[in-house]
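Below: one structure, written as structure tokens.
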Amino acid sequence: MSTARCFVTSDVHLGAIPPSGAGAFHAWLRWAAQRSEVLVINGDLFDFWFEYGSVIPRGYARTLGLLAELVDQGLTIHLLGGNHDWWGGSMLTEEIGVVFHRDPVILDVGGRRCLFAHGDGLGQGDLGYRMLRWTLRSPVTRSLFRWLHPDIGAAVARRVSRTEIRQNAPSLNAGYGEGVAGDRTPPAPSSRGPQLRRWARDQLLADATLHDVFLGHTHDPVRQEVAPGRFYINSGDWLHHYSFVDLPGNGMPPELFHWSGSAPPEPLNARAT
């Protein structure tokens with residue numbers, strides 16, 4: 001088991017956030033890479049990602065180049081597919097060098113045994129989305145979508161994505177400065193939050209070897225101690241919270257932080273659970 005420091009984040013939604021948000025995320029990546037050996041991006045790094053045979057979606061060149069540079073420097077990057085970017089493949093793994101996971105995965109990081117899952121389709125309810133998810137991820141649908149012109153595919157994805165609605169929603173009232181989670185009131189909690197908290201709790205109670213369960217998807221930062229020293233963590237997002245998790249290493253428990261654009265980062269008060 002690796003006892004080295006690890007950082008975790010999720011729901012960056014590159015392509016839907018403003019340039020200032022992407023720039024802040026890049027600055028955080030460089031900062032995190034200098035202080036850790038492992039990074040986990042727990043889904044929805046991209047607002048839309050689909051690997052065509054010879055086309056790379058526009059708008060991600062700087063991020064992809066930076067990720068490849070950090071991998072070359074020795075950083076291990078685990079990238080989980082979310083409901084916006086589950087369709088990753090060999091371009092990410094072979095050319096960029098990240099470790100790509102389409103399904104939930106258990107990783108030994110920071111001296112702790114952790115279950116990582118993006119969160120979409122987990123927990124009770126949401127049957128309509130479950131059916132849509134199964135359809136969108138089927139081999140037939142993926143094959144047919146590949147035949148669409150990339151501009152058409154991207155237009156379809158933008159139309160069904162709700163990220164711009166979230167982006168224009170009120171933000172965290174913390175006064176962090178222009179472009180970094182401004183001074184508006186927090187967005188309403190996700191309706192899926194309670195179901196995912198119960199799912200995470202059930203995983204921890206069913207497997208005594210797990211230290212932590214990490215999810216994303218709801219965009220709500222959560223740190224809940226389910227049992228002594230064992231936590232459910234939701235890493236929040238980069239639309240409103242600019243949040244991430246620090247696993248300090250040597251088995252120390254995870255902590256939530258806000259990236260304000262300068263070091264050291266600020267502790268983040270998680271939403272009440």
Checklist outcome for this item: With label points set 7 Å from each Cα along the Cα-to-Cβ direction at Val99 and Asp72, the distance between them in nm comes to 2.2 nm
Next on the checklist: Give me the one-decimal nm value for the distance between modelled label points at Ala227 and Ser191, 7 Å along each residue's Cα-to-Cβ direction.
Outcome noted: 3.3 nm
Checklist entry - Packing-wise, with mean Cβ within 10 Å as the measure, how do 17-27, 194-204 rank, highest first? => result 194-204, 17-27
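Where a number appears in this text, it was derived from the coordinates with a stated rule and is not lab data. What you are looking at is a predicted structure, and each value in this text was computed from that prediction instead of being measured. No Cβ is skipped: glycine too gets one built from the backbone with ideal geometry, and neighbour counts run over all protein chains shown.
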